Structures are given as C-alpha cells and as structure tokens.
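What follows is a set of notes on a single structure, which appears directly below.
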Amino acid sequence: MLNGYFFFVLLAVVGIYLLDLGGRILNLSALRTDLSDEFSDVYDAEEYARSQEYTREGTCFAIVEDSFDVIVFLSF
C-alpha cells in the first residue's frame, strides 16, 4: 500500500535529480573555449580550451551516470 512517505521520497529523488540536471545544463551552456582578454596573460589559451573540453566531457558523463542511477533506483 502506498502512503505519503513513498510519494515524498519519490518527489525528493526526482526533484533533486532535476535540480542537479538543470544546474549541469546551465554550466555546460556557460562554458566557452575562447579565453577572455582579462586572463590572457594568466592562462595559456590552448590549456584553457582543453580544460573546458575536459569539463564538458566530465559533465556529460555525470549526466548519463546520474540518469542511469535514478532509473535503476526508481525501477526498484
């Protein structure tokens, strides 16, 4: 028999997942491979672009991993 606690936990898990997903998508949309002029003397442009690409790939992998985890959790 389903009760209020079940729906609370279900809503919490899905809500946290959606908030995390939204934050990650906003982070991905804010990434830029070009180095701004203020930091051109501090960072190497090629190294900065590689770090942005690493962040992009890691974030995409985390989205897939989190989606899989939530699907497996909800299937149980």
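The values are calculated or read from the model by the stated rules, or taken from the named source; none is laboratory data. All figures in this text were calculated on a predicted structure; none of them were measured in a lab. Because the Cβ atoms are built from the backbone with ideal geometry, glycine has one as well, and the counts that use them run over all protein chains shown.
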Determine whether the stretch 8-26 contains at least one residue that is over 18 Å from the mean Cα position of the chain (by Cα) and of a type outside the set (A, V, I, L, M). yes
Restricting the first residue to the stretch 6-30 and requiring it to be farther than 14 Å from Cys60 by Cα, which pairs with a second residue that is assigned to a helix (DSSP H, G or I) and of a type outside the set (Gly, Ala, Ser) meet a Cβ separation below 6 Å and a spacing of at least six or different chains? Tyr17/Val70
Scanning the stretch 23-63 for residues that are under 30 Å from Leu11 (Cα atoms), of a type in the set (A, V, I, L, M, F, W, C) and surrounded by 10 or more Cβ atoms within 10 Å (Cβ to Cβ) gives Ile25, Leu28, Cys60, Phe61, Ala62, Ile63
Out of (1) closer than 30 Å to Phe6 by Cα; (2) at pLDDT below 90; (3) of a type in the set (A, V, I, L, M), the one Ala49 does not meet is (1)
Testing Tyr5 on (1) surrounded by 12 or more Cβ atoms within 10 Å (Cβ to Cβ); (2) aromatic (Phe, Trp, Tyr); (3) not in a loop (DSSP other than H, G, I, E, B), one condition comes back false. Which one is that? (1)
Among what's in the stretch 64-76 and is of a type in the set (A, V, I, L, M, F, W, C) and free of Cβ contacts under 8 Å to residues at least 12 places away in the same chain, pick the residue that is surrounded by the fewest Cβ atoms within 10 Å (Cβ to Cβ). Phe76
Go through the stretch 8-22 and count every residue that is out of contact with any helix residue (DSSP H, G or I) (no Cβ under 7 Å at 6 or more places or on another chain) and surrounded by 12 or more Cβ atoms within 10 Å (Cβ to Cβ). 3
Candidate set: the stretch 31-53, residues that are without any contact (Cβ under 8 Å) to a residue 24 or more places away in the chain and in contact with a helix residue (DSSP H, G or I) (Cβ under 6 Å, 6 or more places away or on another chain); chosen: the one nearest to Ser75 (Cα to Cα): Thr33
Check whether at least one residue in the stretch 60-74 is at pLDDT below 95, more than 10 Å from the chain's Cα centre (by Cα) and not charged (D, E, K, R), and report yes or no. yes
